[in-house]
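These notes concern the structure reproduced below.
The values are calculated or read from the model by the stated rules, or taken from the named source; none is laboratory data. Remember, predicted model here, so these are calculated numbers, not experimental data. Virtual Cβ from ideal backbone geometry, glycine too; neighbours counted across all protein chains shown.
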Amino acid sequence: MAEVILKNIKKVYPNSEPKEKKGLFGKKKTEEEKPHRTHHLQITDEGVVAVQEFSLDIKDKEFIVLVGPSGCGKSTTLRMVAGLEEISGGELYIDGNLVNSVEPKDRDIAMVFQSYALYPHMTVYDNMAYSLKIKNVPKDQIDKKVREAAEILDISQYLNRKPKALSGGQRQRVAIGRAIVRDPKVLLMDEPLSNLDAKLRNQMRAEIIKLRNRINTTFIYVTHDQTEAMTLGDRIVVMKDGFIQQIGTPQEVFDHPSNLFVAGFIGTPQMNFFDARLALKNGEYYVEIDDISVKLSEEKQKRLREKGVKEQEVTLGVRPEHMNISDKGIEGRIDVTELMGSSCHLHMTIKDKDAIVIVPREGNIENHMGQKIHLDFSGNVAHIFSKEDNHNLEY
Amino acid sequence: MAKQNTAVKNKSISYARWGYIFIIPFFIVYAIFTLYPQILTVYNSFFEYYRDGLTVVGPRFVGLQNYKTLFEPGAAGYVPIFKYLGNTVWLWLLGAVPQFLIAMMLALFFTSTRLNIKGQQFFKSVIYMPNLIMASCFAMLFFSLFSQVGPVNQFLVSSGAISTPINFLGMQVTVQTLIALMNFLMWFGNTTILLMAGIQGIDESMFESARLDGSTSTQVFFNITMPLLMPIFIYVFITSMIGGIQMFDVPQVLTNGKGIPNNTSTTLIMYLNQFLGISKNYGMAGAVSVLLFIVTAILSIFVFRTIRADNK
Amino acid sequence: MKSNANKTAEIKLLISRIVVYAILIFLSFLCLFFFYLMLINSTRSNAQLQSGFTLIPQNNLFKNLYNAWHDGDINIPVGMKNSFIVAMCSALLTTYFSAMTAYGTYVYNFKGKRFVHLFILAIMMIPSQVSAVGFIQLAFKYNLTNKLWLLIIPSIAAPATYFYMRQYLQATLPIDMVEAARIDGSSEFKIFNQIVLPIMKPAIAVQMIFSFVASWNNYFMPALLLNKPDKKTVPIMIATLRSADYSKFDMGKVYMLMVMAILPVMIIYIILSKSIIKGVTSGSVKG
């Protein structure tokens, strides 16, 4: 139940001090811990910059999702909010108080770990009661709270078991239970679902949405899975290489990706990209590709005009579901067709690049391998990115 | 909402200082009870410092005199330190060679899926047992059993194998054999278990593919098992050697500290112990200790090498 | 023809099995025989012992036990008490502080952490005898001989136990667990005592046993430091048996004293041999 404000937060790992964190579970984490190995993080004299210029105002009771590929700095950011990681620069406020130097135990936050991090020698009940016991909460109150949380998460019947005797999904619930018994100001979740199998993950995702409606608290949720981000978040923060790429509601991020990376990262199957030309004819913007020239929607026209965008070579992005089979337009070859129930996915090669097109099943003329078809799209779904710096020319 | 707007120096949620707090007891105790005495040992080795009856001689700085004395021939015509180092290595070898051969053999038996030995837990428990026996007590037991009036001689005489009791504790061959036998018994179980763990650490599919390729079990041993086991084998071997250099309890008690006969079973540490007894010859004892340190340091470097190679 | 080849293989296997079991039984016999003789002899009177050799227990067990317990020169009850105090306290201190040190270098990132770890590994190989000269000198200088605590306190700094604990932590304690406890509001010491120690229970148990046994059997240093009869530990007493005039002894009593010296360790071993044997490998082999 608190606002969280991050102002220009920065994290630098000094080069001299290699992070040595090994755990049986923390495979994902190890990757994040050594970002410089696989990613293009900035390296300065101070060390490897894992997060920088991170500014975000999180409203009370908001559900924020930090999403990005591994090594993008999302977990580091979360751990800085938790107080597990020192903040190298910037300011962090929880509930109006500057907490940069406050220890985690005094921040009134709770966290759910990817590995669950349940205490193996304690029963489920004791796991959940531990934080309250430390705070010297009276026994009967602890009991009440633990049972309430267990009720919410449907784990009442396992309270006397040890974590070893639980399934993955049950452990996950206990981990969440341990976090919510304390009524924390902020609930942090670090990839809580990535150790579960696909079916359980979908189920738990729904549970988290339900949970979110039952308890009044601010959520910060880290994931690399864009579906989780889209379905859970009030707002999504897309990160890459230590920088925020875009902040917005799922709809905003999906409809108006601010750059090529966000466009490619959010949405599945991935957006298709083509080389195209942005043309200006009689004050109207067109995208020209192959033999078609598509006039952009009024909304887009307005934004481009306001920014005074000039004619130029661009990267055109169109989502698979926004492409239509047509008589003329972009030419491509069908490699594989996949029937997905109500729709059909066409895996294609267009201009030597892979692309996917989703077409409705009914309108689907007998497509087969090797067939050449033409595709077009309408002016309101075309995303235009600069060739120079990959940003969305509309913004 | 922002109650404080000034930039804050971020220091306090670093946990680094806790690392120091957790390791400090170890280092305080180590410094006082081990490191300082060690330095003192080295320091002493440059001084004449001993007790003669009730008078204390020294401490008087004598430079390397103690080391010189150490390498000078004694009254009996030999250099004691060389002889005792030689004794130590010899006694260790006498026990260690059968110890490693038998342990290797047992480790192969126990890990063989073809032989499929039953009752492994029992056999392992039995052969490891002597390792936990109080060495001084073990030696005393052997002394009692092999004394001239002890049960072994009684048995040999009454069965007619010999006519007069054998003086096991009076002859170099038998004393050394008994010491080696005790060391062997105390350590072969331990070695077996370690080598077994090493063999079990080798990917089973290696053996399987070698066997399917048509290798005989001898070929598997020399081409697969031994090369892959080598780092662990060397590790176990050198740690055994380091332990062997420190051999003390068994020969000390068996020979009552005298290394009978004629100091042929006196070990390096027994020699050190003599200096630390009534004479409290800290100078000479220091010099022996420094030598001991150098020998083990050289051996330890080999251990670290093998560990490092293994980790790669 | 085929079944013939199979048959020879079967016979070969059977023969090798017989040979292997014979070897195992012989070695087991060798390991047990001397201790069996000791046990038998501890049930015999001095006269019986002089008269000859036997493998059958006799009736003097309780007499020997009584004599050994009440011996005028060798006060075995006091020795066992002293040994027990030293061994027990050492075992407790060495495991607790080794676990603590291992935790310190495993969980926290501090300057010089790598150096600390390597330093402890390096000193692991230095024989304890190297510090003996200085140690004895200091003990005599400050009049600390015959103080049992002087044998106990140094066990706080046990490099080998540290190494074992560190390996164990690396294999079993995810850092997440520590962080979860931090967020739960636990202090660093509470995390160690309430979360980490219980997780390390198996390692602590194994190391306590090894430390207890090593300390119980330790002869070199105690023999140099303890000379008052009421402070001596068991190994010193056993060694004095050897140096005393042998011929005037009641041998039944002597064997009984030896039985008593090794009995506590043997009892522990019989109960816990499985985990002890497991412990032999888990700490030592892997670098």
**Fill in**
Taking segment C:171-195 and keeping residues farther than 22 Å from A:D183 by Cα, part of a loop (DSSP other than H, G, I, E, B) and without any contact (Cβ under 8 Å) to a residue 12 or more places away in the chain leaves C:P174
**Message:** Tally up the residues in segment C:29-48 that are more than 8 Å from every other protein chain (Cβ to nearest Cβ) and part of a helix (DSSP H, G or I), please.
**Reply:** 8
**Asked** part of a helix (DSSP H, G or I) and either modelled with pLDDT of 90 or more or acidic (D, E) (or both), is that true of C:A239?
**Response** no
**Request:** Output yes when any residue across segment C:104-116 is within 17 Å of the chain's Cα centre (by Cα), closer than 29 Å to C:I199 by Cβ and surrounded by 18 or more Cβ atoms within 10 Å (Cβ to Cβ), and no when none is.
**Result:** no
**Request:** Could you check A:R178 against (1) farther than 30 Å from A:D255 by Cβ; (2) of a type outside the set (A, V, I, L, M, F, W, C); (3) in the same structural domain as A:P69 (by TED's automatic domain parsing) and say which number it fails?
**Result:** (3)
**Complete:** Expected single match for out of contact with any Pro (no Cβ under 8 Å at 6 or more places or on another chain), crowded, with 18+ Cβ neighbours inside 10 Å and more than 26 Å from B:I102 (Cβ to Cβ) among B:Q274, B:Q252 is B:Q274
**Unmet requirement for B:P80, which otherwise passes all of (1) buried (at least 19 other Cβ atoms within 10 Å of the Cβ); (2) modelled with pLDDT of 90 or more** = (2)
**Prompt:** Failed condition for C:D176, given (1) more than 9 Å from chain A (Cβ to nearest Cβ); (2) more than 22 Å from B:Y20 (Cβ to Cβ); (3) surrounded by 21 or more Cβ atoms within 10 Å (Cβ to Cβ), with all others met?
**Reply:** (1)
**Message:** Any residue that is β-branched (V, I, T), surrounded by 18 or more Cβ atoms within 10 Å (Cβ to Cβ), in the same structural domain as A:S70 (by TED's automatic domain parsing) and assigned to a loop (DSSP other than H, G, I, E, B) - is there at least one of those in segment A:226-238?
**Reply:** no
**Request:** Within segment B:118-135, count every residue that is at the interface with chain C (Cβ under 7 Å from one of its Cβ atoms) and over 11 Å from B:M182 (Cβ atoms).
**Result:** 10
**Prompt:** Of C:F53, C:F62, C:F115, which residue is within 12 Å of chain B (Cβ to nearest Cβ), of a type in the set (F, W, Y) and not in a loop (DSSP other than H, G, I, E, B)?
**Reply:** C:F115
**Prompt:** of a type in the set (D, E) and free of Cβ contacts under 8 Å to residues at least 60 places away in the same chain: does that describe A:E103?
**Reply:** yes
**Request:** Of all residues in segment B:146-166, count the ones that are within 14 Å of chain C (Cβ to nearest Cβ) and surrounded by 14 or more Cβ atoms within 10 Å (Cβ to Cβ).
**Result:** 12
**Message:** So B:I260 passes all but one of these: (1) at the interface with chain C (Cβ under 8 Å from one of its Cβ atoms); (2) farther than 29 Å from B:F61 by Cα; (3) assigned to a helix (DSSP H, G or I). Which condition number does it fail?
**Reply:** (1)
**Complete:** Checked segment B:167-179 for anything part of a helix (DSSP H, G or I), touching a residue at least 40 places away in the same chain (Cβ under 8 Å) and either buried (at least 21 other Cβ atoms within 10 Å of the Cβ) or of a type in the set (A, V, I, L, M, F, W, C) (or both); matches are B:L169, B:V175, B:L178, B:I179
**Request:** Search segment B:245-257 for residues being part of a helix (DSSP H, G or I) and closer than 15 Å to B:L94 by Cα, and hand back the single one that is farthest from the other protein chains (Cβ to nearest Cβ).
**Result:** B:P251
**Item:** From C:Y164, C:Y168, residue being part of a helix (DSSP H, G or I), more than 30 Å from B:V253 (Cβ to Cβ), among the aromatic types (F, W, Y) and in contact (Cβ under 8 Å) with a residue 40 or more places away in the chain
**Value:** C:Y168
**Message:** Name the residue that is farthest from A:P360 (Cα to Cα), counting only residues in segment A:326-339 that are β-branched (V, I, T) and crowded, with 17+ Cβ neighbours inside 10 Å.
**Reply:** A:I330
**Prompt:** Has segment B:272-285 got any residue that is assigned to a helix (DSSP H, G or I), of a type in the set (G, A, S), closer than 30 Å to B:Q65 by Cβ and over 18 Å from the mean Cα position of the chain (by Cα)?
**Reply:** yes
**Lone qualifier among B:I242, B:I234, B:I238, B:I199 - being closer than 17 Å to B:F100 by Cα, facing chain C (nearest Cβ under 9 Å) and not hydroxyl-bearing (S, T, Y)** = B:I242
